[in-house]
Each structure stands twice: as structure tokens, then as C-alpha cells.
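What follows is a single structure, written as C-alpha cells, with notes after it.
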Amino acid sequence: MSQIRLTQYASGGGCACKVPPGELERVLSDLPASRAGGDLLVGIDDGDDAAAVRLDGDQAVIATADFFTPVVDDPYTFGRIAATNALSDVYAMGGTPLVGVNLLCWPRDVIPFEIAAEVLRGGGDACAQAGSYLAGGHSIDDPEPKYGVAVTGIANPGRLLRNDAARAGLPLTLTKPLGLGVLNNRHKATGEVFDEAIEVMTTLNRDASRAALNAGARAATDVTGFGLLGHLMKLCRASGISAVVDSVAVPYVEGARQALADGYVPGGSRRNLDWVRPHLRSSVSEDELVLLADAQTSGGLLVAGEVPGYPVIGQLVPSGEALITVR
């Protein structure tokens, strides 16, 4: 088992293997039944992290699903990262996860199923840490290994964190460092292990979500496969505002810049930048933009407002010629 490198059985890795945002939006535009209305408080309209349905005046149910190919070789760690990433969608909406169900795709004739058991164990431990149940799920035989969790949570419908509630004049807070995509790509290519990156990817966004709600935030998203610039653009577009990013204030995981310099850039990161570029004004280098668009796995929250204990990386401004300005 120790000789099997899970990342070598997948063409992509983590959230970098997501469908490109432009293609996804074209498909979703033809699904009017999924748009918000009535008790469906949040649908597909603005690219939020999860759906929200009102149960009564004091409670809404949050529903999401997230799964991907291995981002690290260690099966237990892969399970923890994938489950932590799925739970993040609930936290990004200001909710509390209650229960998850496993989503497992496995090449059972190629990789021993005992390794799949370790992936599931990692997912279970991540959910237990969040105080969420993990029960049952669905599995299929698949040429590539994939794992994730469908999560159900609850939230106060009047305190949802959503993409369309950001306002000009607020600072922008980022709760985890960037650079996970390029480091995961290096890990896939070389087998090098980056302990700080694993620590970041297995850290729940629970505390950051609670801190954002306590600070009075109304808008937030998590930074995952579309990169900081991609998720920020969706938030600005939904709220009808623009943003200025102070690139020197953005934190990075150790080794990220070297991984970029050595060429370990996921294809998803470059696709993210291409998607954002028409709406971008920048005075920084192309390398800096690639890192800001880097496809993250289990990244942090991007919050409209100041959250104590986390770095402010920019500000929201009235709508202008560019949705995002990077300086």
C-alpha cells in the first residue's frame, strides 16, 4: 500500500480538475428551475457555494456536494482534505454542517479496496472534527479514484453569507494562504510532501466562518478551484461592485513561489486567469496573476468585511471599468 501513489492514477488533482468556470456557466444558464425563488433562498443564480432552502423563519437547510481526484498520495490525508473541502461550502454560507454522505469512485481492480477504506476513514475523521455525522453514501467502479462528501447543514436565513450581499467600502479578508494548487501539482510530479500545505487543506473553515458572522459579515465565498481572482469576480459581479486587491498583502504557503518558478502550474490555474482577464486591470507581473488565480483545494474564506485575526488583502469599491484591479 505504501508504494501506491494515488495522484498517479488521475489526470488532474483536487479542485484543479473542476470544469472551467466559463464552460460551467454556459451549461447552468439553461437550468431556470434551479434559480432562487420562494423558499429556495440561494440557487445557481450567483455561483454561491451551496444551495439554501428556508424551513421556517429561523432556520434554513444548506445543501452541497464536492468530490475530486486525489490531491495527495496518502489515502487517509486525501480523505481528510476532500471532506474538509466539502464541509467548507457550508461554512462559506454561514452554516453549520449536520450530516454528510460519502461519494466514492474507485478502480477496484487496479487499486486495493483497503486503500479506499483509508480514504473513507480520513473523511470520517474530518467530519467528526466538524461535529457532523458521516453516514452511508454511494460508490461506483471508476477508472480514476475520486472521493468527496455531500453535506447538509443548517443556518439562520437572515444571516447567510452569500455572493450578492457585498457592499462597496468594505475591506476584503482572506482566511487561508494561497499557493495550494502549484504545490499540489509539484507533489503530483515529484512526490515531495509539503506539510504546511497539508495543514492548510485539512483545517476546517469553521472558526473563520464563526468569526465572520460575529463581525457582522453578510457576504463571503470560499477560495477553491476558480482561484482567488475567479471567486472574487463572481462575488463582485453578483453584488454589482468592483474590488481592489493589494497583492503584497496576500499570504502564500511556503514554497509556492518556488513551485511557480519551477513550472508546476495546474492547467486549471491558467484557465482561471484567462476567464478573469477580460474583467481585470493589473500593474503586477504575470507570475503574480497566475498565483492569484491558482486553483486552490480546501482553501480559505474570502470575506467582505474585516475579520479579526485574519489578513485584509484589499477592498471593495463602487463598480468601475474593471471588476478587479490588482496592484
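Structure values in brief
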| item | result |
| --- | --- |
| Search result, residues across the stretch 269-315 that are of a type in the set (Val, Ile, Thr), surrounded by 16 or more Cβ atoms within 10 Å (Cβ to Cβ) and either in a loop (DSSP other than H, G, I, E, B) or not assigned by TED's automatic domain parsing to the domain that holds Asn185 (or both) | Thr297, Val307 |
| Where Met201 falls short, out of the listed (1) out of contact with any Ser or Thr (no Cβ under 6 Å at 6 or more places or on another chain); (2) buried (at least 17 other Cβ atoms within 10 Å of the Cβ) | (1) |
| Filtered residues of the stretch 269-298 (kept if among the small types (Gly, Ala, Ser) and in contact (Cβ under 8 Å) with a residue 40 or more places away in the chain) | Ser269, Ser282, Ser283, Ala293, Ala295, Ser298 |
| Among the candidates Gly263, Gly181, Gly169, Gly227, residue that is more than 13 Å from the chain's Cα centre (by Cα) and either under 22 Å from Ala10 (Cβ atoms) or aromatic (Phe, Trp, Tyr) (or both) | Gly263 |
| Residue count, the stretch 269-298 (criterion: over 15 Å from Leu178 (Cα atoms), among the small types (Gly, Ala, Ser) and within 20 Å of the chain's Cα centre (by Cα)) | 0 |
| Selected residue (criterion: nearest to Ile4 (Cα to Cα)) from residues of the stretch 170-225 that are hydroxyl-bearing (Ser, Thr, Tyr) and touching a Phe, Trp or Tyr at 6+ places or on another chain (Cβ under 9 Å) | Thr190 |
| Selection count where residues are assigned to a helix (DSSP H, G or I), of a type outside the set (Val, Ile, Thr) and free of Cβ contacts under 8 Å to residues at least 60 places away in the same chain, scope the stretch 185-198 | 3 |
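The values are calculated or read from the model by the stated rules, or taken from the named source; none is laboratory data. What you see is a predicted model; the values in this text were computed from it and never measured. As a convention, Cβ positions derive from the backbone with ideal geometry for all residues, glycine included, and neighbour counts pool all protein chains shown.
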